[in-house]
């Protein structure tokens, strides 16, 4: 007897209906973030139902560990005061081969010719004028000594990207030469084009992996982020290159190191002249200053006394003009600053005297969809306070985060977190009374990250610029510095003219007429950005 076949059609309809119900339910699940990966809404009803995902509350940002930014500022002040007091031991040694020791510098004037089409101005929140950007401008225009700029940053400026062109253009405008700071030894020296470094016999330690350093060295990092321990006979040879103009216009070098035990070191200038120095043991930072009519190459060798010895690096410069030191540390959001030794920083600053510190951080902190960076803004305020303790004579310029794109439905698009991060960085600058420069605005004025990638100025990650992109950003920053300096110089000239007129016997009406003719556009506050 034949059994009739069962009809399963209704079960198929049930399964299909259940699947549709599940997919409809999934459509109502808002965007989520899982393990740092942003998951978009799966909406199969997009033609019928739309969701305002932009209005959905952003997830609470967890972009950094706040404990990594902990610093006891009172303890920092105590250490600096104790370790920068005058010492009986000699800390600076000099090898002077110049025939004429008088520092010569041509009269500096701000260059008003633009390097890029659109100006992105510096926003100055200083109200004192004592050690802010205006004081820096006075030094830039008038000092008969090196004018020092320390550029603190992350991998965005690694290998002297951006700073190579910032240095070149400022030196061409205001004088100076040399590549600035170069570490004693680092695995990354081969990537830097502006100085050639050949190091042998050193073990290098990076501050981001500071626990790998011997305990005797771990607490003595400098803001460069690198410290090198020598074996007997360890040596480093630095040589200038022609990657940028003015690099070979170097007449002075400062070799920086610690020598807790008695040591003997030898320097070789331009591969010909040699001199040996006996260094008495002490915990203080030591410096050997080499001055010569022309300094193309310098070698530094540790002959004895390697126990506890730490090499920091050397600064290459001219007798006057601009020096730009690149202090970039990969994967650093600024927290590494608080892991450095404040007394080492302050001792080196007492030797070199920095005039401007630039802070470039935040690129790695941003997350798509996150709008609240108030916690990171507070850390920037702590960075400014720390810089002021370690480098008390320096103005501070906070750079806003650079442009960055992320992959979306329609390809790469600007990260939505950028304006929010920029606003919180600006807030930190305002709260601390320092200057601010919106890097992203400067990049977008030149087409933004999309154009940077199209032109080969940035990597395919749509995050990091290369040397070509660094040139474009540096030129925009140079324009901003020149513009700020020119307006400051105009204001100073106006103040001087007013002072002279007050001394004169001219009637008040005649004074006002002359002032209007000579100084038509000068006002009391030329540096405030209208977007405040």
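Worth pointing out:
- When the criteria are applied in full, residue 111 meets the requirement of being assigned to a loop (DSSP other than H, G, I, E, B) and in contact (Cβ under 8 Å) with a residue 40 or more places away in the chain.
- Qualifying residue in region 210-219 (condition: modelled with pLDDT under 95, more than 25 Å from the chain's Cα centre (by Cα), assigned by TED's automatic domain parsing to the domain that holds residue 268 and in a strand (DSSP E or B)): no
- Every residue from region 124-151 that is in contact with a helix residue (DSSP H, G or I) (Cβ under 7 Å, 6 or more places away or on another chain) and part of a strand (DSSP E or B): 124, 147, 148, 151
- Considering residues of region 384-404 that are in contact with a strand residue (DSSP E or B) (Cβ under 6 Å, 6 or more places away or on another chain) and crowded, with 23+ Cβ neighbours inside 10 Å only, the residue nearest to residue 337 (Cα to Cα): 387
- Yes/no for residue 331 being closer than 22 Å to residue 358 by Cβ and either surrounded by fewer than 15 Cβ atoms within 10 Å (Cβ to Cβ) or more than 30 Å from the chain's Cα centre (by Cα) (or both): yes
- Single match in 181, 152 (criterion: under 16 Å from the mean Cα position of the chain (by Cα), assigned by TED's automatic domain parsing to the domain that holds residue 239 and surrounded by 20 or more Cβ atoms within 10 Å (Cβ to Cβ)): 181
- Boolean, residue 302 is within 28 Å of the chain's Cα centre (by Cα) and either at pLDDT 95 or above or not in a loop (DSSP other than H, G, I, E, B) (or both): no
- Every residue from region 188-207 that is within 12 Å of residue 237 (Cβ to Cβ) and in contact with a helix residue (DSSP H, G or I) (Cβ under 6 Å, 6 or more places away or on another chain): 197
- In summary, residue 337 fulfils each of the numbered conditions (1) surrounded by 23 or more Cβ atoms within 10 Å (Cβ to Cβ); (2) in the same structural domain as residue 95 (by TED's automatic domain parsing); (3) under 29 Å from residue 85 (Cβ atoms) with the single exception of condition (2).
The values are calculated or read from the model by the stated rules, or taken from the named source; none is laboratory data. Predicted model only: the values in this text are computed from it and were never measured. Note: ideal-geometry Cβ built from the backbone for every residue, glycine included; neighbour counts use all protein chains shown.
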